[in-house]
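A.B. asks: Starting off with a structure, shown below.
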Amino acid sequence: MVADNQHNGCLPERVLKGEAGSASPAVTDAAVEATVFSEDDTRAMMLAIEQARLAREQGEVPVGAVVLDGQGRVIGKGFNRTISAHDPTAHAEIVALRQAAQAMENYRLPEASLFVTLEPCAMCVGAMLHARLARIVYAADDPKTGACHSVLQVPEVRQLNHQTRVQRGLMADECAELLRDFFRARRLAARHARTSDT
């Protein structure tokens with residue numbers, strides 16, 4: 001089930017634009033309902049935003065994630081590091097999941113929740129389902145590669161042997177603005193570099 005918190009965040013025009021794809025016949029109708037997030041949820045997303053800012057400082061796309069255990073303790077955190085690690089799998093969610101699995105000494109995290117600033121891609125959703133997460137909470141939709149709601153609805157596929165609860169829209173505007181600022185600055189830097197060469 002995908003729950004919506006009246007999402008209205010917009011993502012960078014050049015990188016994250018387009019229309020959401022239609023669901024395949026093997027996908028259930030996503031149940032979109034109003035979500036009331038708790039103060040603990042907001043604190044967790046703020047921690048994910050801190051991670052996203054760390055990514056930005058290193059020149060990475062500013063996406064951050066944290067994993068909380070069933071008691072609400074942080075057991076994993078991460079930010080995008082695909083460029084610095086030369087690793088196409090080093091998305092914030094994967095980094096956080098690896099840290100959480102090491103902390104729990106188990107690749108299954110059945111009571112855990114993952115909070116991330118941008119809708120996960122298919123790779124990351126797949127890893128979350130393999131980890132048997134109880135819940136995924138993301139901030140901003142990703143209409144280019146989002147695999148929870150925007151392009152694909154992977155958690156809704158009936159044939160999968162595990163389903164997890166997905167909630168969207170928590171602090172969406174803040175996270176979308178972080179992405180917009182990053183890509184705006186990168187475009188300005190590229191434009192300045194071109195004019196300096198002429």
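The values are calculated or read from the model by the stated rules, or taken from the named source; none is laboratory data. On a predicted model such as this, the values are computed, not experimentally measured, just so you know. So basically every Cβ, Gly included, is an ideal-geometry build from the backbone, and we count neighbours across all protein chains shown. Just the protein is used for accessible areas: all its heavy atoms, side chains included, with ligands, DNA and RNA removed. Shrake-Rupley method; radii C 1.70, N 1.55, O 1.52, S 1.80 Å.
A.B. asks: Starting from region 87-103, keep only residues that are exposed (fewer than 15 other Cβ atoms within 10 Å of the Cβ), then list their pairs with residues that are among the hydrophobic types (A, V, I, L, M, F, W, C) and assigned to a helix (DSSP H, G or I) whose Cβ atoms are within a distance under 7 Å, requiring at least 6 positions of separation or different chains.
C.D. replies: Final answer for the pair search is 89/123.
A.B. asks: Quick check on region 145-161. Is at least one of its residues part of a strand (DSSP E or B), within 24 Å of residue 58 (Cβ to Cβ) and among the β-branched types (Val, Ile, Thr)? Reasoning before the result, please.
C.D. replies: Going through region 145-161, the residues part of a strand (DSSP E or B) turn out to be 157.
Pick out the ones that are also within 24 Å of residue 58 (Cβ to Cβ) and you get none.
No, that holds for no residue.
A.B. asks: Here are the criteria: (1) free of Cβ contacts under 8 Å to residues at least 60 places away in the same chain; (2) under 27 Å from residue 70 (Cβ atoms). Tell me which single one residue 165 does not satisfy.
C.D. replies: (1)
A.B. asks: Let me ask you something else. If residue 193 passes every condition in (1) touching a residue at least 60 places away in the same chain (Cβ under 8 Å); (2) open to solvent by 40 Å² or more (accessible area, probe 1.4 Å); (3) assigned to a helix (DSSP H, G or I); (4) over 30 Å from residue 39 (Cβ atoms) but one, which one does it miss?
C.D. replies: (1)
A.B. asks: Taking residue 175 and the conditions (1) within 28 Å of residue 43 (Cβ to Cβ); (2) surrounded by 14 or more Cβ atoms within 10 Å (Cβ to Cβ); (3) at pLDDT below 95, which numbered condition does it fall short on, given that it satisfies the others?
C.D. replies: (3)
A.B. asks: Turning to a different aspect of this structure: Would you check if there is a residue in region 132-145 being among the polar types (S, T, N, Q) and buried (at least 20 other Cβ atoms within 10 Å of the Cβ)? Can you show your working first?
C.D. replies: Taking region 132-145 as the starting set, the residues that turn out to be among the polar types (S, T, N, Q) are 145.
Now restrict to residues that are buried (at least 20 other Cβ atoms within 10 Å of the Cβ): none.
Scanning region 132-145, I find no residue that is among the polar types (S, T, N, Q) and buried (at least 20 other Cβ atoms within 10 Å of the Cβ), so the answer is no.
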